[in-house]
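Before any comments, here is the structure.
The values are calculated or read from the model by the stated rules, or taken from the named source; none is laboratory data. What you are looking at is a predicted structure, and each value in this text was computed from that prediction instead of being measured. Positions of Cβ are backbone-derived with ideal geometry, glycine not excepted, and every protein chain shown enters the neighbour counts. Heads up: the accessible areas ignore ligands, DNA and RNA and are worked out on the full protein's heavy atoms, side chains in. Shrake-Rupley method; radii C 1.70, N 1.55, O 1.52, S 1.80 Å.
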Amino acid sequence: MKTLDELEKHWKHKVYPHGSILIGYHRDHEGTMIWKDGSKFFYGYGERGQVTVQQTFSSEQDVVRYALKRHSKNE
């Protein structure tokens, strides 16, 4: 998997219930979030309207690789 679209499809259909992880631009989510802003990709967590950035990446492939690695430990 190399793109956020591929990651989202994988998680939606095989791993996580809908809504537990957000990939995109909405910032009102509670839980894990992955989004792009400009040329950077962000991995973070949203809670009660506050977003905490945990990691920043310069490529989509890097954030996808990080997310897969991080969540494979939690399965």
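Name the residue, out of Y66, Y43, that is outside any helix (DSSP H, G or I) and free of Cβ contacts under 8 Å to residues at least 60 places away in the same chain.
Y43
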Checklist entry - Name the pairs whose Cβ atoms lie under 8 Å apart, with the first residue in region 1-26 and under 13 Å from A67 (Cα atoms) and of a type in the set (K, R), the second open to solvent by 50 Å² or more (accessible area, probe 1.4 Å) and at pLDDT 75 or above, and 6 or more positions between them or separate chains? => result K2/E60; K2/Q61
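Conditions (1) surrounded by 15 or more Cβ atoms within 10 Å (Cβ to Cβ); (2) within 17 Å of K9 (Cα to Cα); (3) under 12 Å from the mean Cα position of the chain (by Cα), marked per residue:
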residue: T32; (1), (2), (3): yes, yes, yes
residue: W35; (1), (2), (3): yes, yes, yes
residue: K40; (1), (2), (3): no, no, no
residue: Y43; (1), (2), (3): yes, no, yes
residue: E47; (1), (2), (3): no, no, no
residue: T52; (1), (2), (3): no, no, no
residue: T56; (1), (2), (3): no, no, yes
residue: S59; (1), (2), (3): no, no, no
residue: R65; (1), (2), (3): yes, yes, yes
